[in-house]
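The values are calculated or read from the model by the stated rules, or taken from the named source; none is laboratory data. This structure is a prediction, so every number in the text was calculated from the model and none was measured. Using ideal geometry, Cβ is built from the backbone for each residue, glycine included, and neighbour counts are taken over all protein chains shown.
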Amino acid sequence: MIYKRKVYNELLDWKNSKVNNSALLIEGARRIGKSTIVEEFAKNEFDDYILIDFMYETEEMMNLFKNIKNLDLFFSNFFLLAGKTLKPGSLIIFDEIQKCPLARQAIKKFVKDGRYYYIETGSLLSIRDNTDNITIPSEERRIEMYPLDYEEFLWAFGDESTANLLRSVYANNQTLPEGTHKELMKKFRLYMVLGGMPKVISIFQETNSYMEAEKEKQDILKLYKDDLLKHDRKYGTHCRTLYDNLANELMSQSSRFNISKGSNNKRIEQLKDTIFDLDDSKIVKFCYHASEPQYGLDLSKSTSKFKMYSCDAGLLVTSIYKDKTLNVEDIYKKLIFGKINSNFGKIFESIISQALISNGYTPFYHTYIIREDEKEKHYEIDFMFERAGKIVAIEVKSGSNFTTSSLNNLKIKYPQLKFERIVISNKTLSEKDSVRYLPIYMAFIL
């Protein structure tokens, strides 16, 4: 099944650029649909194309990139091995480019030659695997791709109206009727449990079975963990261990990491390598601590203090409930109908993290202390990001009853600053005391 994806417009912008001086590199985790959307783009927007999948290519094809001095000779041999010849202006796709670093290095010369367009896709688990002994081309324009966000998920089910309705409600600050809100929450919880992996959604649509969708999610998790284990064995990192603990850490109070505490220098370096490589895998997202809530949050970023989220809420749900004795169908139905009294706060946070990153923002979290009556009170802002010259501060709430003390006390701690304050929860849209309350199903609009 081929789904409508927002990244398609970015591909069009690249192709229609007046200056064709770069190849396009699409980075992202495995199984998110990179190859599918690129090939669909090739069929729709080019007269002809060739797709080379380096995951399965022959040794002869791989070795061809060792000598690109004579491009006329190179392309003659390339087309011979590919079994197809292209006219100038056609597209060449290098799928899983990380498996052939020399092909990536050759992009510089290919782009300068100008005969063809080039798109690369990659699940770049380790930057070291892709840069050892090669020169990374500056002629790459990079795009990061993610699992389907909630709007794309709605499109996948043929729903083109709900997202537009929500944008209108958001823009006009309207409060929806309670019945409509409940239906929208139910629809959103389906996204929460299935997630945005295209194959998972496709299987569910074909079978209408949560169990079959669950099996696919388990297969994806196993694939990720196997990749991480191979990487750890090669480089001495601990990516698999950290990823294995993701669900437990998110559902506990220890979901904030501080690698500078209780670690010797060697362990700190190992952990930093682990974080770097796990971040590069794109299967998790990191949210770093910012010590100063002012414009230019990156200037006060701490790389040793961070929170880590799953790239996909559906995979996180599978990780959380993998050891449960309940039937999978029962768990899913209870989750969708709100019959399980779980704390969805961290699942909500993972979805919000993806929404912010997908929309081009870099989220941080912030902690601060207020002293009252010789006592220290500690507060945390779940997300902060910069938008249109303002700092947006977000608190995430998954329960029915909650307070917003962290947002409220920002005015006391930083009276000289102005914040746009948002609470994201399972309640309908409203506004009170300059704080906007946003239902979780509107997070994608951010």
Open item on the list: Out of the residues in segment 204-253 meeting the condition of being of a type in the set (Gly, Ala, Ser) and either modelled with pLDDT of 90 or more or not in a helix (DSSP H, G or I) (or both), tell me which one is farthest from Phe157 (Cα to Cα).
Closed with: Gly236
Open item on the list: Restricting to segment 148-203, and then to whatever is modelled with pLDDT under 95, among the acidic types (Asp, Glu) and farther than 16 Å from Tyr437 by Cβ, can you tell me which residue is surrounded by the fewest Cβ atoms within 10 Å (Cβ to Cβ)?
Closed with: Glu160
TODO: Would you check if there is a residue in segment 58-65 being of a type in the set (Val, Ile, Thr), part of a loop (DSSP other than H, G, I, E, B), without any contact (Cβ under 8 Å) to a residue 24 or more places away in the chain and loosely packed, with under 12 Cβ neighbours inside 10 Å?
DONE: yes
Task: Segments classed as strands (runs of 3 or more DSSP E), wholly inside segment 342-446, with at least 1 members that are in contact with a helix residue (DSSP H, G or I) (Cβ under 9 Å, 6 or more places away or on another chain) - done: 364-372, 375-387, 390-396, 419-425, 435-439
Open item on the list: Of all residues being of a type in the set (A, V, I, L, M) and touching a Lys or Arg at 6+ places or on another chain (Cβ under 7 Å) in segment 46-65, which is nearest to Phe110 (Cα to Cα)? Just the residue, please.
Closed with: Ile50
Open item on the list: Among the residues of segment 287-296, are any at pLDDT 80 or above and closer than 22 Å to Tyr191 by Cα?
Closed with: no
Task: Count of residues meeting criterion [among the charged types (D, E, K, R), outside any loop (DSSP other than H, G, I, E, B) and touching an Asp or Glu at 6+ places or on another chain (Cβ under 8 Å)] in segment 3-33 - done: 2
Task: Among (1) surrounded by 12 or more Cβ atoms within 10 Å (Cβ to Cβ); (2) in contact with a Phe, Trp or Tyr (Cβ under 9 Å, 6 or more places away or on another chain); (3) more than 25 Å from Ser281 (Cβ to Cβ); (4) in contact (Cβ under 8 Å) with a residue 12 or more places away in the chain - the single one Asp48 does not satisfy - done: (2)
Open item on the list: Any residue that is surrounded by 16 or more Cβ atoms within 10 Å (Cβ to Cβ), of a type outside the set (A, V, I, L, M, F, W, C) and more than 28 Å from Gly195 (Cα to Cα) - is there at least one of those in segment 3-26?
Closed with: yes
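Conditions tested, residue by residue: (1) under 18 Å from Leu24 (Cβ atoms); (2) at pLDDT 95 or above; (3) under 35 Å from the mean Cα position of the chain (by Cα).
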{"site": "Phe78", "(1), (2), (3)": "no, yes, yes"}
{"site": "Leu81", "(1), (2), (3)": "no, yes, no"}
{"site": "Ser90", "(1), (2), (3)": "yes, yes, yes"}
{"site": "Ile97", "(1), (2), (3)": "yes, no, yes"}
